[in-house]
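Here the structure comes first, spelled out in structure tokens, and everything after it is commentary.
The values are calculated or read from the model by the stated rules, or taken from the named source; none is laboratory data. Because the structure is predicted, anything quoted here is derived from the model rather than measured. For neighbour counting, all protein chains shown are included, and Cβ atoms are generated from backbone atoms with ideal geometry for every residue, glycine included. Side chains included, ligands, DNA and RNA excluded: accessible areas come from the protein's heavy atoms. Shrake-Rupley method; radii C 1.70, N 1.55, O 1.52, S 1.80 Å.
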Amino acid sequence: MWRVILLLTCCWLGTGLAACDTLRDAAIVAPVDPPGGDPVQEPTDVKYYPSDEPVRMGLEQFNRGNYGLAQRYFKDAVEKAPKDVTAWVGLAASYDRLRRFDLADRGYAQAIKLGGETVQILNDQGYSLMLRGDLSGARRKFMKAETLDPGNPVIVNNLELLNGSRRFIERPPNNQP
């Protein structure tokens, strides 16, 4: 009984494969006259449209907490568009989260060179300094950002975070180790 089932299965598969081979040959044949004229474009006809895809993907990965991937996308973005301030700030912030503060400082410097000291850049630099443990430097940056945009909820939140960091620093008794 098993032999009959096996024989019928082999015949069925052979017939199916033979039909596929015929269809494959028919699909390879191209039409003689392609619609729409010559499909080959001249190099002068191609137009470049800049894409925000690397920046968009960098922001998405940064917001997900994938700072290594965000750094790759932002690095790609600044290589493609070296005058994009958003890409430079994103690259610097990604480097901050990867604890590459030397590279973050370069990114912030480039962003300031291109767009000036904006509220976002000052806030991000303050956060960077806070991550490094330079709380007084962070306070200076946050205060400068707050003078440019008083009441900004992000800056207010970062100042509260900074104040909380100062309150919870534990010291040994009599400042002795």
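Using 23 Å as the Cα-Cα cut-off, could you pick out the over-long pairs in Lys113/Lys141; Lys75/Lys141; Lys75/Lys144; Lys75/Lys113?
Values: Lys113/Lys141 17 Å; Lys75/Lys141 25 Å; Lys75/Lys144 28 Å; Lys75/Lys113 17 Å.
Correct reply: Lys75/Lys141; Lys75/Lys144.
Per residue, segment 84-162 exposes 49 Å² of accessible surface when a 1.4 Å probe is rolled over the protein heavy atoms with every protein chain present.
Take every Cα-Cα distance within segment 99-170, group them into 10 Å bins from 0 onward, and report for each bin the whole-number percent of pairs it holds. Calculated over all Cα pairs of segment 99-170, the distribution is 21, 51, 25, 3, 0 percent.
In this calculation the C-beta distance from Lys80 to Asp134 is compared with R0 = 35 Å, giving a FRET efficiency of 0.60. Our coupling estimate for segment 109-123, obtained by passing each phi through the Karplus curve with A = 6.51, B = -1.76, C = 1.60 and θ = phi - 60°, is 4, 5, 5, 5, 4, 7, x, x, 7, 8, 4, 5, 5, 4, 4 Hz, Gly and Pro reported as x.
In a fully extended conformation the segment linking Ser51 and Asp149 would gain 32.2 nm over its present Cα-Cα distance, using 0.36 nm per residue.
Spin-label pair Leu161-Leu103: with each label point 7 Å from Cα along the Cα-Cβ axis, the two points sit 2.1 nm from one another.
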